[in-house]
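Notes for the one structure printed next.
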Amino acid sequence: MKPCFLVLLILFFTSSLLPAQEVTDVSTRIDGEYVTIFYTLTDNEQMAGRLYVVELYAIINQTDTVKLTKVEGDVGEVQAGENYIQWNVKEEFERFRGSLSFEVRATPVFVITRPAEGSKFNRGGSYFLKWYGGGSHNDSLVLELYRNDEFVAVIDTVADEDKVLWHISPKLKVGKGYRIRIVGTDKTHIDEFSSEFVIRRKIPFWAQLLPFVAASGVGVYYLIRNPGPKPTRIPLPDDFPVPGHN
């Protein structure tokens, strides 16, 4: 028996989606046991390569909401653009009678935007760490510092935020291989590392030597320009004996 269903399309973003995005040009097509949903995901900020996790949900008889798994096309990680989702009704619900409405949920993939690759931070300084997506602004996050995959310290714990001001300890070891790890709760399952960055001295070592180098240079210049008092010439009588001369 062919499934009997009424398709009512409801397309919206989850609360974790940024306001700079929207869905347009929505349409559906029913071909036997398949339902195809066409939509355009627009990123008004035009961030190249930004990804979204797209999922299709069905509301059955206006009461129960279930995630649909017998889908293909532009689901999972998707970039902005013209997209489609094709759902196999028969495989999902072999025997189904009733009405269905759909939800297409698009959530930005969680990304740590700062520190960026190759960033250099001075110990003793203060810098913003930033991230977005993945429902992070509705979750409690723990920020940790790692170096060469080894835990160093907990930086901070924040809730419902997309950035935090990090005050770097003046005693933190300088060097490469540092990364930030951000961990969420079971609500979002966030667990991501940032790109590697460098911790350096607040005042570079060569800059610390400049006063001494400058002082030494001034001293040398002074000695060259002022080698000391000239020797005093003492007049001698004409008959003063000179060694080696008779």
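All of the numbers you see were taken from the coordinates with simple rules; none came from a lab. Fair warning: this is a prediction, and the values are worked out from it, not measured in the lab. Please note: Cβ atoms are built from the backbone with ideal geometry, for glycine as well, and neighbour counts cover all protein chains shown.
Summary of values
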read-out: Separation between Cα centres of segment 165-204 and segment 68-121, rounded to whole Å; value: 30 Å
read-out: Neighbour net charge for residue 158 - beta-carbon separation under 13 angstrom, K R +1, D E -1; value: -4
read-out: Under-5 Å amide H pairs with residue 139, H placed in peptide plane, nonlocal only; value: 160, 161
read-out: Local electrostatic count at residue 71 - Lys and Arg +1, Asp and Glu -1, tallied over other residues with Cβ under 11 Å; value: -3
read-out: Cross-link partners of residue 163 among lysines (Cα-Cα below 28 Å; sequence separation of 8 or more within a chain); value: 120, 130, 171, 173, 176, 187, 202
